[in-house]
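Structure first, commentary second.
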Amino acid sequence: MSHRLHGINYRVLTTLLVVALPAVGVGAFLILAHGRARLVDAFGLKLAERAEQSASAIDAYVYRRIVDVSTLARMPEVRAEAERASARPRNAEATAAMDRAFAAVDVNRPEIAGILHTSASQYFADITRQDPIYREILLTDRAGRLIAASNLSSDYDQSDEDWWKRVMADPTRGEATISDVRWDDSARTYAMEIAVPVPGSDERPAGVLKVVADIREMLASVAGIDLGTNGDAMLLRRNGSIVFSRQGVQPSARFFAADRLKERLDETSAVSGPSRFFFTAIEPHAGSQIVGVATSQLASTYPHLPWVVAAWQSESDLLVPVASEYRSLLLLFAIAGVIVLGLTLWFTVKLSAPMVDTGMALVPHPPLQRVAEEETV
């Protein structure tokens, strides 16, 4: 029996579209959302790992420099100079007079020249000439009086300096300390102050040795993190203030996700040892960013250095590989549309076929004459 298709059954088409397309759309959305979340997690962990590598390099560099300066403080010439000067009686008036002389920065004055031309001062000057990492070296006695320096200082009495007070907080043994990173305008570089006690013959501090070190090598571990044109890395403090940035920032500048950073650091504060994590945050001029963070271990020894390394990259860069998945999704919808249309046509054909009349009467036929078989001879 033949029949013709007079048109699409739009009721069937509507039913199939209502059932099929939402299911396909929801399934595709869930698959893409799950894939995107996994991609964000993987990329965030990768950024945190790179930040952790940089933080570990910074810790290793600082501790190595402290060991180097401590070794210098134990040199026999340095120890002898500190003990000899500490044996002199203290005289407040003489110290004030020397302070005024150094403030005048007159190298021709005998009292200043006498300090700059000691064997220890010449030794320090040789070190700064041969190793540019050491920008300045100075030595004080137990009272904080300057007794040797690689180059001229404008301060004779160093006992009022924070670094000196931290080293001599316990006068029976002393303690090594380091300063925060600072920008040296005269040298146009980042520097750090490292101060250590100079042990005397009885191992009590006979003086304090301070070194101003160029730390470009340390900061290279942050500057060397290559995250493309839309990514960057910084050395930060826990409050979001910036210690170092490749772009150069104002001293008062803060990390764009400072509040979120502090929140996450507070959540991980109970974790002992190094911690790393990642989060997403909005950068006002670049949109959503994935930020990987790792903490420095220096704060466990030097609480005034709560450093963290943050590395981030634009989330839009991350989703570039997902763009091909969106094309696949469009192809999926096209295939689903073709299938739905095909099923619609098939059901339309089925529903448009004429009904069979099951009540049709049977027509009687006369009996058929059977043909006799021929007999075989």
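The values are calculated or read from the model by the stated rules, or taken from the named source; none is laboratory data. Predicted model, so just to flag it, every value in this text is computed and none were measured. Quick reminder, even Gly has a Cβ in these numbers, built from the backbone with ideal geometry, and neighbours come from all protein chains shown. The area values use the complete protein model at the heavy-atom level, side chains included, leaving out ligands, DNA and RNA. Shrake-Rupley method; radii C 1.70, N 1.55, O 1.52, S 1.80 Å.
If residue 132 meets every condition in (1) assigned to a helix (DSSP H, G or I); (2) within 29 Å of residue 219 (Cα to Cα) apart from one, which number is that one?
Residue 132 satisfies all of (1) assigned to a helix (DSSP H, G or I); (2) within 29 Å of residue 219 (Cα to Cα) except (1).
How do the pairs read when you match residues in region 228-250 that are in a loop (DSSP other than H, G, I, E, B) with residues anywhere that are open to solvent by 70 Å² or more (accessible area, probe 1.4 Å), using Cβ under 6 Å and keeping only pairs 6 or more apart or on different chains?
240/254
How about region 78-137: which of its residues are aromatic (Phe, Trp, Tyr) and more than 19 Å from residue 197 (Cα to Cα)?
102
Just to be sure I understand, how many residues within region 44-70 are open to solvent by 60 Å² or more (accessible area, probe 1.4 Å) and either modelled with pLDDT under 90 or of a type in the set (Asp, Glu) (or both)?
Residues that pass the stated criteria total 1.
Of 97, 73, which residue is over 13 Å from residue 152 (Cα atoms) and surrounded by 15 or more Cβ atoms within 10 Å (Cβ to Cβ)?
Criteria check complete, one pass: 73.
Show the residue pairs that are 6+ apart or on different chains and have beta-carbon atoms under 8 Å apart, the first residue being within region 189-203 and touching a residue at least 12 places away in the same chain (Cβ under 8 Å) and part of a loop (DSSP other than H, G, I, E, B), the second being crowded, with 18+ Cβ neighbours inside 10 Å and among the polar types (S, T, N, Q).
Close Cβ pairs satisfying both conditions: 200/86.
Suppose we keep only residues that are farther than 24 Å from residue 168 by Cα and outside any loop (DSSP other than H, G, I, E, B) within region 104-115. Which one would you say is least open to solvent (accessible area, probe 1.4 Å)?
Here the answer is 112.
Look through region 182-198, keep the residues that are open to solvent by 10 Å² or more (accessible area, probe 1.4 Å) and touching a helix residue (DSSP H, G or I) at 6+ places or on another chain (Cβ under 8 Å), and return whichever of them is nearest to residue 77 (Cα to Cα).
197
Restricting to region 199-234, give me the number of residues that are among the small types (Gly, Ala, Ser) and open to solvent by less than 20 Å² (accessible area, probe 1.4 Å).
Within region 199-234, residues that are among the small types (Gly, Ala, Ser) and open to solvent by less than 20 Å² (accessible area, probe 1.4 Å) number 6.
For region 157-182, which positions are free of Cβ contacts under 8 Å to residues at least 60 places away in the same chain, assigned to a strand (DSSP E or B) and hydrophobic (A, V, I, L, M, F, W, C)?
Of everything in region 157-182, nothing turns out to be free of Cβ contacts under 8 Å to residues at least 60 places away in the same chain, assigned to a strand (DSSP E or B) and hydrophobic (A, V, I, L, M, F, W, C).
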